[in-house]
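Report on the following structure.
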């Protein structure tokens, strides 16, 4: 208790942007591709010569560092670091955000977080209905789109080009 309030929205936003930049670069590096190969098929990755233990420990360490960063930001925003602040419901909220957005997409995770934070804020007067609506939203999503809103796709500026798609410089004959 008694932690000074250092965190504000600007700190949290820019640290989140930095972390997403680091994750994007890690994901596109040889280390990240090895981790993706392990995620898709651990036996095949091991057969191709990838040291799965090394990359699993690396992914765990990086994830723990980012979780620690989130804990620091949280503690400096709410003045307290106590185990009671991190309940099962908090874990469920975070898991729901990731599943809703798409397990293989950073853009999806951010979109899921924004959507569920908005829903949670809208239902602040009705806390007993929040989990019911979360559950219904997850059931509907899993029935209609099991991979999440984005799946493994990432949102990019190329999607918004007027030409209607990414151009790689090659001419297409019509």
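The values are calculated or read from the model by the stated rules, or taken from the named source; none is laboratory data. Note that the structure is a prediction, hence the values are computed from the model and not measured. A quick note on method: Cβ atoms are made from the backbone with ideal geometry, for glycine too, and the neighbour counts reach across all protein chains shown.
Just a yes or no: is a residue in segment 48-71 touching a helix residue (DSSP H, G or I) at 6+ places or on another chain (Cβ under 6 Å), free of Cβ contacts under 8 Å to residues at least 12 places away in the same chain and surrounded by 13 or more Cβ atoms within 10 Å (Cβ to Cβ)? No, every residue in segment 48-71 fails to be touching a helix residue (DSSP H, G or I) at 6+ places or on another chain (Cβ under 6 Å), free of Cβ contacts under 8 Å to residues at least 12 places away in the same chain and surrounded by 13 or more Cβ atoms within 10 Å (Cβ to Cβ). When we screen 45, 59, 37, 67 for residues that are under 19 Å from residue 103 (Cβ atoms) and more than 21 Å from the chain's Cα centre (by Cα), the only hit is 45. All of 150, 74 fail the test of being assigned to a loop (DSSP other than H, G, I, E, B), at pLDDT 85 or above, within 21 Å of residue 22 (Cβ to Cβ) and touching a helix residue (DSSP H, G or I) at 6+ places or on another chain (Cβ under 8 Å), apart from 150. When you scan segment 8-29, do you find a residue that is more than 17 Å from the chain's Cα centre (by Cα) and more than 22 Å from residue 109 (Cα to Cα), even just one? Within segment 8-29 (the criterion being more than 17 Å from the chain's Cα centre (by Cα) and more than 22 Å from residue 109 (Cα to Cα)), the answer is no, since none of the residues qualifies.
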